[in-house]
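Engineer: Sharing a structure below in structure tokens format, with a few things to ask.
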Amino acid sequence: MASVRELLVRKHGDLVTVTGGTTVLDASTLMVGRGIGGVLVVEDGVLVGIFTERDVLRRVVAVQRDPATTAVREVMTSPVLTVAPETPLEDCRVLMSERRIRHLPVTADGALVGVVSSGDVLAYEVSERQATIQQLESYVYYVRS
């Protein structure tokens, strides 16, 4: 069974972080510019929260807070559920589904090493299934020849 480590090796994505003092407007602009749905909030090298599109909608827009003056630390999701690199992708999928979350930060020995999104997990699983299908088709072609 595939693990988070295997997905991170394929992903090659850089880790996008902000500090708690970053404004919601700046964090949102960063997210839009990078085409991502969330950023990790780090203070003094320690993961303290995650700020996502859902946080913007529920904790800023819906309650009419000014994104230019609201700090991310005021509206981020904290504490954050994390996984280890050894975590099976199946476990990640279950966690994301049960908790209704789309992003799982990955930590190893207390250090932040990556983030896995539900889209990452789905893309990895689709890729693996396509490889299996190709192998089976090659086998069937070989057997028929």
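Engineer: Which residue out of Val106, Val113 is at pLDDT 95 or above, surrounded by 13 or more Cβ atoms within 10 Å (Cβ to Cβ) and not in a helix (DSSP H, G or I)?
Structural biologist: The unique qualifying residue is Val106.
Engineer: Also: Among (1) part of a loop (DSSP other than H, G, I, E, B); (2) within 15 Å of the chain's Cα centre (by Cα), which single condition is Val63 missing?
Structural biologist: The number of the failed condition is (2).
Engineer: Which numbered condition in (1) in contact with a Leu (Cβ under 9 Å, 6 or more places away or on another chain); (2) closer than 18 Å to Val80 by Cβ is the only one that Leu7 fails?
Structural biologist: Exception for Leu7: condition (2).
Engineer: While we're on this one: Inspect all residues belonging to segment 48-56 and state whether any of them is over 20 Å from Gly35 (Cβ atoms) and either touching a Gly at 6+ places or on another chain (Cβ under 8 Å) or surrounded by fewer than 12 Cβ atoms within 10 Å (Cβ to Cβ) (or both).
Structural biologist: Yes: segment 48-56 contains one or more residues that are over 20 Å from Gly35 (Cβ atoms) and either touching a Gly at 6+ places or on another chain (Cβ under 8 Å) or surrounded by fewer than 12 Cβ atoms within 10 Å (Cβ to Cβ) (or both).
Engineer: Out of Val9, Val18, I need the residue that is surrounded by fewer than 19 Cβ atoms within 10 Å (Cβ to Cβ) and either at pLDDT below 95 or out of contact with any Cys (no Cβ under 9 Å at 6 or more places or on another chain) (or both). Which one?
Structural biologist: Going through Val9, Val18 in turn, the sole match is Val9.
Engineer: Right, another one. For Val72, indicate whether it is buried (at least 19 other Cβ atoms within 10 Å of the Cβ), out of contact with any Leu (no Cβ under 9 Å at 6 or more places or on another chain) and more than 30 Å from Glu6 (Cα to Cα).
Structural biologist: For Val72, the condition - buried (at least 19 other Cβ atoms within 10 Å of the Cβ), out of contact with any Leu (no Cβ under 9 Å at 6 or more places or on another chain) and more than 30 Å from Glu6 (Cα to Cα) - is met.
Engineer: Restricting the first residue to segment 58-70 and requiring it to be of a type in the set (Lys, Arg), which pairs with a second residue that is at pLDDT 95 or above meet a Cβ separation below 6 Å and a spacing of at least six or different chains?
Structural biologist: Arg59/Val75
The values are calculated or read from the model by the stated rules, or taken from the named source; none is laboratory data. Bear in mind that the values here come from a model prediction, so they are computed numbers and not experimental data. With ideal geometry, Cβ positions are generated from the backbone for all residues, glycine too; neighbour counts draw on all protein chains shown.
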